[in-house]
Amino acid sequence: MSADAGGHVPERRRSVRKDPAGLGRRLASLDVVICCGSGGVGKTTVSAALGMAIAAADDKRVLVLTIDPARRLATALGIKGIGAEPVRIPKARLRRAGITITGDLEAAMLDMKQAWDRMIERYSPDRATARRILRNPLYQRITDSFVGSHEYAAIEALYELHDAGEYDCIVVDTPPSRNALDFLEAPTRLTDYVGSRLLSLLSGGPSRFGFRAMNFAAAPFLRLADRLLGAEVLAEVSDFVQQLQLLYDGIQGRARSVYRLLRSPKTGFVVVTTLEQGPFSEAEFFCTKLREFKMPLRAMVVNRVLPDVFNDGGGVAAATTLVEDPKVAAWLTGELHARVSAEPARFIGATFLNRHTLALREARQLSKLSRFGEVPIVRIPLFSDEVSELEGLVRIARAL
Amino acid sequence: MTAALALLGARSGKRVLAIDVDAKGDLAAALGSPPAGFAPRVVQHDLSVLELRTDESFQEYLNIYFKVPRLTRLTPLARVFDFIATGVPGPRDMLVVGKIAYEERRKEPASRSPVWDLILVDCAAGGQAESHLAAPKAMLTLVRGGLIRAQVEWIDALIRDPVRTTVVLCALPEEMPVIEAIELHERLRAGSGVTVDMCVLNRAVDEPVTAAHRRLMSALVDPEHVDAVAQRLGGSPAPLEAGIDLQAHLFDTTARYMRQLRSRLPMPVVPVPFIVDRTGLTTTRAVADALSSRLA
């Protein structure tokens, strides 16, 4: 059983009130919700808010899984820390922040090292092979130091959690990669890696292809690798890949299962973006790719959208006059019976017009989303008042 | 921000190379150029852009050091190289850092002087930049001999040399980017040993809403005057309150995060204002001007 943020086992009392949650309700029937998008668009916050909205919409046990080592999810949820062990978010705390959930909401952060180790243990034909791989320095470095290893571990952890069936819905906050496609391609890449002929050559022994790799064709490559890496490392690499190849069948089978899960009608992708050019273009590209991969796009969440008031025609006219009319300050002095200087009048007008310029840009971007047809588009406004992290999250959950 | 710093470098007479690690074309676009590609492309006077592609880095590496001919993407060996460069954790990070280090070492064939005076690298998300910068150190624990060991050693020395390499952190005045910048600084110091010299708080809102602004706003929407004001201004002043509220909120937020960054980072934190009325190269120029005035 998981503990709450304070380390206590939470009460099992059920709340009776159900918050109306549009997107939360629509996604509540899914097993897996994957949030994708560029870095800096508020993906982690939206993932946490979606988990909240789903738990508010239905009596579900919901897990929000973050891959981000920057502890953003813990910050967003207003709790001290989240680790690999799921932490239950106390209902009382959520209620105080303004939302009543009928289900359970838990959060966990991927332990990348642990996910990799489990993968090796799962696919190794015997314990000796697993031990040998786990002790290999090359394996240890790959799994805890390098960028690309996040995606492999994330997709594996997702599958494992789903397979265990402990949660009704798992919301995944994908790695902070600018290219979210890495996440989708991770299973294939891992299969390619383990099954590649290159590794057969490097392993220098009988391979799964049934031929001895240390042959005429491999010799120049090995000479090159020896010159590059040195004999000692080459031996380590060779040992590592020889063992790794024993895992091939398991990893290939798992990749097929993962793709089945990602394409399943019980899975949904939610693309999160802002309306700025860079993240928006990437979101459009990603939506197109999801279609190509035949993976179900369920919604787009557009974060930090300026409120409609900044496109108000009357407001624009009034602001323009305040900025451009040199006689307006004098007129206001007469009308308001108080001295009005030009600066505050110009400031009020210019402040509005700046936001109007952005709002126009945003409206142009929003109109482009029609190309994705029936996909629901949820706009989360840019809020202009100060609230705590958790209250802010609740407000976003309500907007969803 | 990378584009603005590159413009400032070129304006000061340096030969600048700006490298886009993600190869998405954002950096070239910010400098008013179409996507640059793997070879440096001149986009402004004394300013070139290069878009880093790790598969091409790998081929270039093999070509320079081992005379392996460059291969078309369709050959099986090219696919293997592509896979090593882009799919295997480790080589990918090293190829990013290695290509940058290679450009730092490049000399003019005739004069033997460095091709670049300043190289600016637009990194991906913070976590990835950290992995790239830590890659040489990680590789050194793995590779204990061979040609790569020697190459990784000089790349590691380049990264750790505070005279030649520094990191500029960039944050937005929002909670998570600020926390991330602070944590990234801590991890960089502990991990790669790279020097961090400056933090830029981009999109800072630095014009406060004063009592005079508030008084005037209240008077404009006062029921006693609002109709006459609306008629004179050509539209209702009521929506303008939203602009003032948002400005006040963003100013307060900026101030709070400036304080947080300044208390947690042992380096100058430089605010750069949010420039909303321009796009593309004109925005970059405006950011460069703002940065220049604040650094002066």
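Based on this model, can you work out whether B:LEU5 counts as under 19 Å from B:ASP117 (Cα atoms), of a type in the set (A, V, I, L, M) and more than 13 Å from the chain's Cα centre (by Cα)?
Spelling it out, it is not the case that B:LEU5 is under 19 Å from B:ASP117 (Cα atoms), of a type in the set (A, V, I, L, M) and more than 13 Å from the chain's Cα centre (by Cα).
What's the total number of residues in region A:309-344 that are free of Cβ contacts under 8 Å to residues at least 24 places away in the same chain and either assigned to a strand (DSSP E or B) or closer than 30 Å to A:ALA49 by Cβ (or both)?
2
Could you tell me whether any residue of region A:322-330 is more than 8 Å from chain B (Cβ to nearest Cβ), of a type in the set (D, E, K, R) and within 30 Å of the chain's Cα centre (by Cα)?
no
Are any of the residues in region A:356-364 at the interface with chain B (Cβ under 7 Å from one of its Cβ atoms), free of Cβ contacts under 8 Å to residues at least 40 places away in the same chain and surrounded by fewer than 18 Cβ atoms within 10 Å (Cβ to Cβ)?
As a first pass, look at region A:356-364 and keep what is at the interface with chain B (Cβ under 7 Å from one of its Cβ atoms): A:357-358.
Subset that is free of Cβ contacts under 8 Å to residues at least 40 places away in the same chain: A:357.
Remaining after also requiring surrounded by fewer than 18 Cβ atoms within 10 Å (Cβ to Cβ): A:357.
Within region A:356-364, one or more residues are at the interface with chain B (Cβ under 7 Å from one of its Cβ atoms), free of Cβ contacts under 8 Å to residues at least 40 places away in the same chain and surrounded by fewer than 18 Cβ atoms within 10 Å (Cβ to Cβ).
Does B:GLY193 satisfy being on the phi > 0 side of the Ramachandran plot and touching a Ser or Thr at 6+ places or on another chain (Cβ under 8 Å)?
Criteria not met by B:GLY193.
Report, by residue number, each residue of region B:6-50 that is of a type in the set (A, V, I, L, M) and over 17 Å from B:THR282 (Cβ atoms).
Our first condition is that a residue be of a type in the set (A, V, I, L, M); within region B:6-50, this holds for B:6-8, B:10, B:16-19, B:21, B:23, B:27-31, B:36, B:39, B:42-43, B:47, B:49-50.
Those that are of a type in the set (A, V, I, L, M) and over 17 Å from B:THR282 (Cβ atoms): B:VAL16, B:LEU17, B:ALA18, B:ILE19, B:VAL21, B:ALA23, B:ALA36, B:ALA39, B:VAL42, B:VAL49, B:LEU50.
Does any residue of region B:180-202 turn out to be of a type outside the set (A, V, I, L, M), within 23 Å of A:ARG346 (Cα to Cα) and modelled with pLDDT under 95?
no
Looking only at region A:91-105, which residues are of a type outside the set (D, E, K, R) and more than 19 Å from A:ASP168 (Cβ to Cβ)? Walk me through how you get there before you give the answer.
Here is the first cut: in region A:91-105, the ones of a type outside the set (D, E, K, R) are A:92, A:94, A:97-103, A:105.
Residues satisfying the conditions are A:ALA92, A:ALA97, A:GLY98.
Hey, can you tell me all the residues within region B:262-275 that are crowded, with 16+ Cβ neighbours inside 10 Å and free of Cβ contacts under 8 Å to residues at least 24 places away in the same chain?
B:ILE275
Based on what the data block shows, is A:VAL33 modelled with pLDDT of 55 or more, under 28 Å from A:GLN277 (Cβ atoms) and away from every other protein chain (no Cβ under 14 Å)?
It is true that A:VAL33 is modelled with pLDDT of 55 or more, under 28 Å from A:GLN277 (Cβ atoms) and away from every other protein chain (no Cβ under 14 Å).
Yes or no, residue by residue, for (1) under 30 Å from A:PHE285 (Cα atoms); (2) outside the structural domain of A:ALA49 (by TED's automatic domain parsing):
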| position | (1), (2) |
| --- | --- |
| A:GLY349 | no, yes |
| A:LEU353 | no, yes |
| A:THR357 | yes, yes |
| A:LEU360 | yes, yes |
| A:ALA363 | yes, yes |
| A:ILE377 | yes, yes |
| A:LEU390 | no, no |
| A:ARG395 | yes, no |
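Going residue by residue through region B:68-75, is there one that turns out to be in contact with a Leu (Cβ under 8 Å, 6 or more places away or on another chain), facing chain A (nearest Cβ under 10 Å) and at pLDDT 70 or above?
So in region B:68-75, the residues in contact with a Leu (Cβ under 8 Å, 6 or more places away or on another chain) come out as B:68, B:71.
Next cut, facing chain A (nearest Cβ under 10 Å) only: B:68.
Next, only the ones that are at pLDDT 70 or above stay: none.
No.
Taking only region A:246-276 into account, find how many residues are in contact with a Lys or Arg (Cβ under 6 Å, 6 or more places away or on another chain) and over 19 Å from A:LEU50 (Cβ atoms).
Total meeting the criteria: 2.
Can you work out which of the residues in region A:290-308 that are part of a helix (DSSP H, G or I), within 25 Å of the chain's Cα centre (by Cα) and surrounded by fewer than 17 Cβ atoms within 10 Å (Cβ to Cβ) is farthest from the other protein chains (Cβ to nearest Cβ)? Spell out how you get there, then give the answer.
Of region A:290-308, the ones part of a helix (DSSP H, G or I) are A:290-292, A:308.
After this cut, where a residue has to be within 25 Å of the chain's Cα centre (by Cα) as well, the list is A:290-292.
Those still in the list that are surrounded by fewer than 17 Cβ atoms within 10 Å (Cβ to Cβ) too: A:291-292.
Values: A:ARG291: 20, A:GLU292: 19 Å.
Filtering region A:290-308 for residues that are part of a helix (DSSP H, G or I), within 25 Å of the chain's Cα centre (by Cα) and surrounded by fewer than 17 Cβ atoms within 10 Å (Cβ to Cβ), the one farthest from the other protein chains (Cβ to nearest Cβ) comes out as A:ARG291.
Are there any pairs, at least 6 apart or on different chains, whose C-beta atoms fall under 7 Å, with the first in region A:366-383 and away from every other protein chain (no Cβ under 14 Å) and the second surrounded by fewer than 17 Cβ atoms within 10 Å (Cβ to Cβ), and if so, which?
Correct list of pairs: A:LEU369/A:ILE377.
Quick check: anything in region A:53-70 modelled with pLDDT under 80 and of a type outside the set (A, V, I, L, M)?
Among the residues of region A:53-70, at least one is modelled with pLDDT under 80 and of a type outside the set (A, V, I, L, M), which makes the answer yes.
The values are calculated or read from the model by the stated rules, or taken from the named source; none is laboratory data. Keep in mind the model is a prediction, meaning the values are calculated, not measured. Every residue, glycine as well, gets a Cβ built from its backbone with ideal geometry; the counts of neighbours run over all protein chains shown.
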